[in-house]
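One structure is given below, encoded as structure tokens.
Read the figures in this text as sums done on the coordinates, not as results from a lab. Predicted, not measured: the structure shown is a model, and the values here were computed from it. With ideal geometry, Cβ positions are generated from the backbone for all residues, glycine too; neighbour counts draw on all protein chains shown.
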Amino acid sequence: MGTAVKMGPAYFPTILSVLLILIGVISLVRSFIKQGSPVGAFALKGLVLVIASIILFGFIVRGAGLIIALPVLVIVSSYASSRFRWQYSLLLAAGLTVFCILIFQKGLGVPLPILGSWFGQ
């Protein structure tokens, strides 16, 4: 596992899991002590759209590439919001697409195509 000075492969996941368990226990104890507002209605539309956008991204990213799959992911998941506006979603999709291509493909070397095989790449 290692130490804080010389971390092994299990050090970070172990420390992270302990911290998450600690946060969970604190939240659980606090929920019995402090009175809070009731949980609102279950947002089924939002849940379905966010999950669908992730699944759709997974299905089309290899064939269409990042330049198509990322805007589809952002726009479909943005539609889950009650404050959805086309202009903001399109701007967000463009910005996140450029950001993700620069960070994940150019910076980190993640082997995903910018334009996929559906476009002759």
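When the Cα gyration tensor is reduced to axis lengths a ≥ b ≥ c, the ratio a/c is 1.5 or higher for region 17-69, and with a/b not above b/c it is classed as oblate.
Between Met7 and Ser31, full extension at 0.36 nm per residue minus the direct alpha carbon distance yields a gain of 5.1 nm. Charges were assigned to the Cβ only: +1 to each Lys and Arg, -1 to each Asp and Glu. The resulting dipole of the chain about its Cα centre is roughly 220 debye.
Neighbour counting of Cβ atoms within 10 Å sorts the residues Leu90, Leu70, fewest neighbours leading, into Leu90, Leu70.
Shape class of region 63-121 from the alpha-carbon gyration tensor: prolate, with a/c at 1.5 or above and a/b greater than b/c.
Taking a ≥ b ≥ c as the square roots of the Cα gyration tensor eigenvalues, the chain comes out oblate, since a/c reaches at least 1.5 and a/b does not exceed b/c.
Annotation: the residues Thr3, Thr14, Thr97, sorted from fewest to most other C-beta atoms within 10 Å of their own C-beta, follow the order Thr3, Thr14, Thr97. Helix 44-64 and the long axis of the chain differ in direction by around 50°, with both axes built from C-alpha atoms. You can think of it this way: the chain between Ile55 and Leu115 has 19.7 nm of extra reach, that is 0.36 nm per residue less the Cα-Cα gap.
Counting neighbouring Cβ atoms within 10 Å and putting the fewest first, the residues Ser89, Ser31 line up as Ser31, Ser89. Working note: 222 nm ellipticity from helices only, DSSP H runs with n ≥ 4, each -39,500 (n - 2.57), summed and divided by the residues of the chain, gives -20000 deg cm²/dmol to the nearest 500.
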